[in-house]
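Note sheet for the following structure.
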Amino acid sequence: MTETRSAGWWSRAMQRLTADDQTIDAQQLRAGTASAGCEPVSSCRKGAVVTVTGRLKSVVYTPRETVPTLEAELFDGSGSVTLVWLGRRRIPGIEPGRTLTARGRFAAFDGRQVIYNPWYELAAG
């Protein structure tokens, strides 16, 4: 049993040493999703109310003719979802690199996965 355990440890250690930074970051984000009790973005289905957590990769203010929008791409290691706040130009704390948990109805628009006007909670730090 010790040989199996050490072989597993050895292969995990070698994988961490040879993996690139993006792969390691994605693995850590997926582990954070599981420990927070949230759904991975890759398993979310259109129309379902979901709770997702991850890191904001980008935040963009998009002026539109009708309603301005603030869009943030949330990455959780398994995939990305765009969080869209209608009628907002800026939200304090919503910035690239910030970790947050969002809850809302999962939808698709223009080939993208989106959650409109999500409830959100910023992670400490």
Item to check | Nearest-0.05 FRET efficiency for SER58 and LEU86, computed from C-beta distance (R0 22 Å) | outcome: 0.75
Next on the checklist: Suppose accessible area is computed on protein heavy atoms with a 1.4 Å probe; arrange LYS46, LYS57 from highest to lowest.
Outcome noted: LYS46, LYS57
Checklist outcome for this item: Any residue on another chain or 5+ positions along whose placed amide H is under 5 Å from the amide H of CYS38 is listed here as none
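What is the extension gain from ASN117 to ARG98, computed as 0.36 nm multiplied by their sequence separation minus the C-alpha to C-alpha distance, in nm to one decimal?
Taking ASN117 through ARG98 to full extension adds about 5.1 nm, to one decimal.
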Next on the checklist: Shape verdict for region 64-124, please, from the Cα gyration tensor: rounded (a/c under 1.5), prolate (a/b greater than b/c) or oblate.
Outcome noted: oblate
Checklist outcome for this item: Heavy-atom accessible area of THR62, protein chains in place, probe 1.4 angstrom, given in Å² to nearest 10, is 30
Checklist outcome for this item: Once all protein chains are kept in place, PHE75 shows an accessible area at probe 1.4 Å, nearest 10 Å², of 50
Checklist entry - Probe 1.4 Å, all protein chains in place: accessible area of TRP85 in Å², nearest 10? => result 10
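The values are calculated or read from the model by the stated rules, or taken from the named source; none is laboratory data. Because the structure is predicted, anything quoted here is derived from the model rather than measured. Cβ: placed from backbone, ideal geometry, glycine included. Neighbour counts: every protein chain shown. Ligands, DNA and RNA are stripped out before the accessible areas are found, and what is left, the full protein with its side chains, is counted by its heavy atoms. Shrake-Rupley method; radii C 1.70, N 1.55, O 1.52, S 1.80 Å.
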